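The values are calculated or read from the model by the stated rules, or taken from the named source; none is laboratory data. For clarity, every value in this text was computed on a predicted model and none was experimentally measured. Positions of Cβ are backbone-derived with ideal geometry, glycine not excepted, and every protein chain shown enters the neighbour counts.
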Amino acid sequence: MEGETEAENLQIELLNESLALLDEGGIGDPPEYGLPQGPDETIYVRVYLRVDPTYPAVDVDRKVELDITVWSYSTAPEVNPADPWEAPLLMEEDTPLHSALNLSQHFIERGGDPLRFSVDENPYLNVTIYPEGTADIVPAENWWGMTSLTFHAADLDGVATDTIQVNVAPVNDPPRILTLNGIGAHPSRGYVAFWVTVEETLVIVPEVVDVDDEERNLTFSLNQTPENLLVNPSNGTIVYSPTWNDLGMRWINLMVEDSAGGVDNSTIRIEVIGYNRPPNPPEIYVVEPEHNRVAGSPLNFVAILHGDPDGDPIAEIVWKMGDGNIYRGEDRVTHTYSSPGNYTVLLSVCDPYGMCTNVTLDITVHSKPSQGGFLSGYRRFWKDLSGDAVVYEKRQNTDFLYLRQEGRDGVDLLNVTAEGRLDGLLVTIHVKGGVIIDGSVKYTIYIVTRDFAERPVKVNITRIEDFLPPAYFGSSQVFLYRTFSGILNNPFNFTVQGDRLVLFISLKDLVSASVPLREGNFSVFATSEESSQTTTKTGQIRSFRSFDTAGEGAVVYNVTPRERVSGSEGGGESVFKDNTLTFILLGVVGVVILVVAVLVLKKYRKKEEEEIERFEEEVKRLKEEGRSLYEMVEEGGEGEGPQEGRGR
């Protein structure tokens with residue numbers, strides 16, 4: 001039989017000793033139906049299956065089991081005095097306790113009647129009772145504390161009840177990283193993936209829980225912390241700003257730790273992606289004749305390319321000359337402007353993917369001058385034949401001035417060239433041994449009147465500043481001057497070309513300085529000045545200053561007083577007593593200028609006295625012969641030779 005038909009057709013009946021039906025309606029209280037009351041009595045039961053003739057088949061071989069329980073009706077359940085619940089039941093947070101209690105042992109029924117067990121509901125503990133009477137206890141998640149459980153044992157005769165205390169001890173729950181920017185922090189693949197573009201910023205915000213730490217005493221850290229990848233130690237926020245050096249994959253591990261040492265971590269993979277960058281900015285140069293920017297004359301333009309930061313080739317070069325003309329594909333072009341004016345040249349360089357960089361150059365194109373004007377062909381050359389750079393030294397223990405004729409020691413200017421350009425003047429200084437660019441030498445170019453002639457200069461020396469060159473600043477004979485003091489102090493854009501120092505003075509500056517251009521009534525000269533110190537083997541400091549000129553009309557002051565040292569070596573200021581002699585400085589006409597100073601201060605040491613006497617005798621002899629001090633020095637005189645250690 002199947003389904004409900006089986007249950008409905010199965011019949012159970014209680015019978016007496018004569019097998020007569022006791023009660024067709026059902027089973028009631030045994031005394032009412034006269035069932036046996038004592039031991040060793042017999043109970044008769046009839047079980048049968050009612051057959052429904054409408055069913056085609058009946059299963060007559062199916063076995064039927066019948067359980068019969070005989071109640072004592074004389075004893076009730078009770079707590080077993082041999083198994084009391086005196087001590088609390090100890091458990092740990094989030095830890096189930098299997099077979100924690102044996103209710104069949106704790107409760108007894110002396111008549112042997114079977115017992116039914118139950119427990120009162122507890123919001124913190126989940127209890128499962130098995131048929132044999134054992135009980136499993138599971139604490140609610142993350143709960144700990146003290147509570148109690150009340151159990152019941154019942155049969156038809158009554159109920160027994162007992163309560164046990166349960167102590168659930170706290171256990172640290174480690175913090176848990178739930179998500180990273182809303183993405184599960186513990187995927188099956190083992191990591192969370194992010195990507196970011198170079199020069200952008202990736203921010204990763206974790207969602208973290210810690211049921212034991214409501215105050216959120218959590219600490220976050222990374223397994224690596226480069227300069228451009230940071231983590232906030234209090235909330236775990238990660239900020240990553242990658243550079244081009246970070247292209248590719250980066251793996252990091254975010255760890256969170258609570259105050260009790262519980263930890264959790266999540267592995268993060270970050271892919272840094274680059275983007276196409278435009279080529280590096282090129283440079284535009286106008287090569288010779290760069291200063292002949294005149295309408296109708298060709299100009300040569302050169303592009304200096306500096307490649308592409310991504311390593312891409314330069315796929316396209318475009319020149320837009322500012323007058324409507326365009327050239328493509330070449331880094332060098334020649335272009336002629338038909339009309340004077342101001343033009344902006346635009347150079348565009350592009351990579352194969354269309355990323356371009358543009359640079360511009362503003363140029364001025366002049367009108368062609370009338371025939372015979374100054375700008376059409378001015379060129380002058382001044383050569384410094386004698387090599388007259390002068391080195392002078394402040395001696396350590398004397399008030400004498402010692403002059404050194406050039407030769408090997410000074411910064412020697414060999415010649416000066418001035419060339420007219422259509423839009424200015426190009427001046428070139430040729431320096432012996434090469435231009436010094438570290439700032440220790442100051443080079444100056446002067447534009448002066450044509451009648452600015454060399455002449456003797458008398459100087460009453462009272463302080464160093466009185467004779468330091470140049471002495472022409474503010475003079476009506478000086479139109480303008482330009483100074484170069486090294487590559488870090490080059491406001492006038494001098495150009496260094498090996499042993500030549502080049503300066504272009506624009507037509508605008510020349511006109512502003514009232515230089516008589518068309519008449520050609522001006523001259524050019526240059527000066528060099530160097531200061532330096534050396535220390536001797538005995539610890540003495542020797543101070544040197546050298547000076548040279550080249551060009552027309554150069555007048556130079558070449559003397560310094562010796563500083564008298566009082567007290568410790570190196571202290572004090574330049575001092576001249578009242579009996580100091582006045583020194584006369586004689587200059588001669590020509591490119592070569594030497595200065596000889598005759599100094600007598602006072603008797604200082606025997607050696608100095610002898611030297612003064614010898615020097616005065618030589619001067620007297622020269623005067624008697626009608627010769628000059630300049631000639632004495634030219635012949636080698638009595639002066640000392642170049643100082644050691646000053647060779648350039």
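Applying a threshold of 9 Å to beta carbon distances and a minimum spacing of six or more residues, or different chains, the list of pairs starting in the stretch 264-283 at a residue that is more than 30 Å from GLU207 (Cβ to Cβ) and ending at one that is of a type in the set (Ser, Thr, Tyr) and part of a loop (DSSP other than H, G, I, E, B) reads ASN276/TYR353. Looking at ALA57, ALA140, ALA100, which is the one that is at pLDDT below 90 and not assigned by TED's automatic domain parsing to the domain that holds LEU15? After ruling out the rest, the residue left standing is ALA100.
Exactly one residue among ILE445, ILE487 is at pLDDT 80 or above, assigned to a loop (DSSP other than H, G, I, E, B) and aliphatic (A, V, I, L, M), and that residue is ILE487.
In the stretch 169-185, which residues are farther than 13 Å from VAL209 by Cβ and either crowded, with 16+ Cβ neighbours inside 10 Å or among the aliphatic types (A, V, I, L, M) (or both)?
Taking the stretch 169-185 as the starting set, the residues that turn out to be farther than 13 Å from VAL209 by Cβ are 169-172, 180-184.
Listed by number, the residues that qualify are ALA169, VAL171, LEU180, ILE183.
For the stretch 84-127, a residue qualifies if it is hydrophobic (A, V, I, L, M, F, W, C), crowded, with 16+ Cβ neighbours inside 10 Å and under 60 Å from the mean Cα position of the chain (by Cα), and the qualifying residues are MET91, LEU97, LEU125. Right, VAL119: closer than 25 Å to ASP212 by Cα, without any contact (Cβ under 8 Å) to a residue 40 or more places away in the chain, in the same structural domain as ASP83 (by TED's automatic domain parsing) and out of contact with any Lys or Arg (no Cβ under 6 Å at 6 or more places or on another chain) or not? Considered against the rule, which asks whether it is closer than 25 Å to ASP212 by Cα, without any contact (Cβ under 8 Å) to a residue 40 or more places away in the chain, in the same structural domain as ASP83 (by TED's automatic domain parsing) and out of contact with any Lys or Arg (no Cβ under 6 Å at 6 or more places or on another chain), VAL119 comes out as no. Considering (1) outside the structural domain of THR444 (by TED's automatic domain parsing); (2) modelled with pLDDT under 65; (3) among the aliphatic types (A, V, I, L, M), the lone condition that VAL391 does not fulfil carries the number (1). Counting the residues of the stretch 103-137 that are modelled with pLDDT under 90 and among the small types (Gly, Ala, Ser) gives 2.
Considering THR128, THR161, which residue is of a type in the set (S, T, N, Q), touching a His at 6+ places or on another chain (Cβ under 6 Å) and free of Cβ contacts under 8 Å to residues at least 12 places away in the same chain? Walk me through it before giving the result.
Values: THR128 fails: touching a His at 6+ places or on another chain (Cβ under 6 Å).
It is THR161.
Surrounded by 16 or more Cβ atoms within 10 Å (Cβ to Cβ), more than 54 Å from the chain's Cα centre (by Cα) and under 30 Å from VAL256 (Cβ atoms), is that true of VAL166?
Numbers: surrounded by 16 or more Cβ atoms within 10 Å (Cβ to Cβ): yes; more than 54 Å from the chain's Cα centre (by Cα): yes; under 30 Å from VAL256 (Cβ atoms): no.
So VAL166 fails the test.
Does PRO187 satisfy the condition of being touching a residue at least 60 places away in the same chain (Cβ under 8 Å) and in the same structural domain as ASP258 (by TED's automatic domain parsing)? No; evaluated as a whole, the condition is false for this residue.
What are the residues in the stretch 257-269 that are modelled with pLDDT under 90 and either aromatic (Phe, Trp, Tyr) or part of a strand (DSSP E or B) (or both), if any?
So the first thing to find is which residues in the stretch 257-269 are modelled with pLDDT under 90, and the list is 258-262.
Those that are modelled with pLDDT under 90 and either aromatic (Phe, Trp, Tyr) or part of a strand (DSSP E or B) (or both): none in the stretch 257-269.
For the stretch 236-256, the tally of residues that are touching a strand residue (DSSP E or B) at 6+ places or on another chain (Cβ under 7 Å) and outside any strand (DSSP E or B) stands at 5.
Where strands (runs of 3 or more DSSP E) fall wholly inside the stretch 136-211, the ranges with 1 or more residues that are among the small types (Gly, Ala, Ser) are 145-155, 158-169, 192-197.
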